[in-house]
Amino acid sequence: MSPVPTQQKALLLQAKHGEFVVGTRPVPKPGPGEILVRNEASALNPVDWKIQTYGLFLETYPAVLGSEAAGVVEAVGEGVTEYKPGDRVVYEGYRTDDFNHTTFQQYTTINPHLAVKVPESLTFDQIVTIPAAFFTVAVGFYHVTNGPRFTPPWGEGGKGKYAGSPIVILGGSSAVGSNAIQLAKLSGFSPIITTASLKNKALLESFGATHVVDRNLSAAALRDEVFKITGGPVEVVFDAISLPETQNAGFDLLTSSGTLVLVLPPTLDEEKTKNAGDRKVASVVSLVNLPQNEEFAKAAFSKLSGLIEAGHVKPLRFEVLPGGLAGIPSGLAKLKNDQVSATKLVVHPQETA
Ligand SMILES: NC(=O)c1ccc[n+]([C@@H]2O[C@H](COP(=O)([O-])OP(=O)(O)OC[C@H]3O[C@@H](n4cnc5c(N)ncnc54)[C@H](OP(=O)(O)O)[C@@H]3O)[C@@H](O)[C@H]2O)c1
């Protein structure tokens with residue numbers, strides 16, 4: 001392997017609400033217990049445009065965003081035994097003040113517990129579509145306070161445990177929704193009812209959806225469609241979109257003791273919240289470095305490679321944007337404008353001019 005460079009290209013968010021520009025920053029050195037990865041593929045997520053547009057989460061600029069990448073281990077820190085230079089890995093990154101662990105840059109240092117070896121049969125572009133959405137669903141199904149806390153399919157008796165129980169997943173063609181369908185299938189849920197544009201029906205059926213309902217139906221029409229399939233209200237609705245309209249529509253599908261799992265903060269109508277009774281609403285925050293998520297993240301990522309190899313968690317459809325890191329801003333604009341359907345946007349950081 002050639003020597004690790006000291007400087008790298010990174011996409012810098014210059015200020016709160018500011019512009020993204022490609023710039024240069026040092027290549028971080030792996031500390032004890034860390035690995036340094038040369039990022040060959042990095043995926044875009046809605047949170048990246050939200051941070052820029054709404055000025056969320058960050059006070060330190062210039063900032064480097066991005067939360068998932070795949071590439072080659074370049075160096076390992078003291079005490080690391082699971083990985084060696086040359087290994088192909090995919091991982092979920094996270095934001096810290098030094099921005100050494102985010103992924104819109106050519107090199108990232110990470111905790112190997114958040115990495116997974118890439119099976120020979122998969123490319124970096126394929127596998128980079130998986131980690132963030134997988135972990136979001138894992139937190140929502142198995143971990144979050146107030147959530148359903150199902151037994152994970154990798155836990156004792158968890159695989160197929162919920163056979164015969166219906167589940168509704170709103171937004172099945174989103175990255176999060178597609179992973180929710182796949183994990184729901186592995187847990188045995190049936191029927192698995194999801195909403196999406198109907199052009200994505202066959203794709204979502206290939207992930208395990210049993211019924212794909214048009215996302216453009218009114219809340220009342222959706223309720224009729226779902227109840228026709230299930231015979232009545234359901235115990236769990238996973239809302240992978242979590243806009244006010246999907247949250248309210250999802251809430252209306254629940255039994256009197258049902259759980260609505262959201263991926264954004266609750267914005268339900270006040271009258272529903274007031275009259276929720278025993279219904280529960282759980283909001284997922286899937287940052288891997290939150291204290292409440294750290295141990296669960298280690299457990300979930302330790303199982304991910306097996307799930308991928310067994311074909312239970314499949315790569316999503318992807319599109320590679322040209323220009324390396326410089327391609328990210330136009331991709332984020334497409335995500336923001338709801339112009340991306342059932343596709344993960346990916347860049348190749350090493351192709352940055
Ligand atoms: N809380 C957390 O920790 C966490 C973590 C990750 C993501 N998230 C959030 O989860 C949401 C989904 O993220 P993602 O990366 O999965 O999104 P994504 O893949 O970019 O979502 C695009 C998809 O959303 C679907 N969609 C949009 N509006 C819809 C609606 N009203 N009903 C049904 N489907 C709709 C579109 O479906 P069609 O093309 O089929 O129409 C499209 O395929 C985002 O808000 C993101 O910020 C939260």
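The values are calculated or read from the model by the stated rules, or taken from the named source; none is laboratory data. Please read these numbers as outputs of a predicted model, since none were measured by experiment. Virtual Cβ from ideal backbone geometry, glycine too; neighbours counted across all protein chains shown. For accessibility, only protein heavy atoms count, side chains too; no ligands or nucleic acids. Shrake-Rupley method; radii C 1.70, N 1.55, O 1.52, S 1.80 Å.
For L217, the accessible surface of its heavy atoms amounts to roughly 60 Å² (probe 1.4 Å, protein chains only, rounded to the nearest 10).
Phi angles across the stretch 149-162 convert, under the Karplus curve 6.51 cos²θ - 1.76 cosθ + 1.60 with θ = phi - 60°, into 3J(HN,Hα) values of 6, 4, 5, x, x, 8, x, 4, x, x, 5, x, 4, 9 Hz, Gly and Pro given as x. 3J(HN,Hα) couplings calculated from phi for the stretch 311-328 with the Karplus curve 6.51 cos²θ - 1.76 cosθ + 1.60 (θ = phi - 60°) are, in sequence order, x, 6, 10, 9, x, 8, 5, 9, 10, 8, 7, x, x, x, 4, 5, x, 5 Hz; Gly and Pro show x. For the stretch 162-232 versus the stretch 296-353, the inter-centroid distance based on Cα atoms is 22 Å. Full extension of the chain between E245 and D224 gives 5.9 nm of extra length, using 0.36 nm per residue less the Cα-Cα distance. Multiplying the residue separation of K159 and Q14 by 0.36 nm and subtracting their alpha-carbon distance yields 47.6 nm. Rounded to the nearest 10 degrees, the inclination of helix 219-230 to the longest alpha-carbon principal axis of the chain is 80 degrees. Straight-distance candidates among the lysines for linking to K29, with alpha-carbon spacing under 19 Å and chain neighbours fewer than 8 residues away dropped: K9, K84. Summarising the label geometry, the points placed 7 Å from Cα in the beta-carbon direction at K50 and D338 lie 1.6 nm from one another. Within the accessible area of the chain, the carbon and sulfur atoms contribute 52%, probe 1.4 Å, all protein chains present. Our coupling estimate for the stretch 64-81, obtained by passing each phi through the Karplus curve with A = 6.51, B = -1.76, C = 1.60 and θ = phi - 60°, is 10, 9, x, 10, 7, 7, 9, x, 10, 5, 9, 7, 10, x, 4, x, 7, 10 Hz, Gly and Pro reported as x.
What the Cα convex hull of the chain gives, in volume per residue, is 132 Å³.
For the chain, the mean residue ellipticity at 222 nm estimated from helices alone is -8000 deg cm²/dmol, where every DSSP H run of n ≥ 4 contributes -39500 (n - 2.57) and the total is divided by all residues, rounded to the nearest 500. Give me the Debye-computed log₁₀ of I(q)/I(0) at q = 0.18, 0.21 Å⁻¹ for the stretch 133-283, equal point scatterers on Cα only, no solvent, two decimals. Evaluating at q = 0.18, 0.21 Å⁻¹ gives log10 I(q)/I(0) of -1.00, -1.42. Under 5 Å from the amide H of R317 lie the amide H atoms of K344, each residue being 5 or more positions distant or on a separate chain, with H modelled from the backbone and absent for Pro and chain starts. Label positions at D278 and S197, each projected 7 Å from the Cα along the C-beta direction, are separated by 4.1 nm. In plain terms, the chain from S256 to E120 could stretch by 44.2 nm, reckoned as 0.36 nm per residue minus the Cα-Cα distance. Peptides 75-87, 147-159 ranked from most to least packed give 147-159, 75-87, packing being the mean of other C-beta atoms within 10 angstrom over each peptide's residues.
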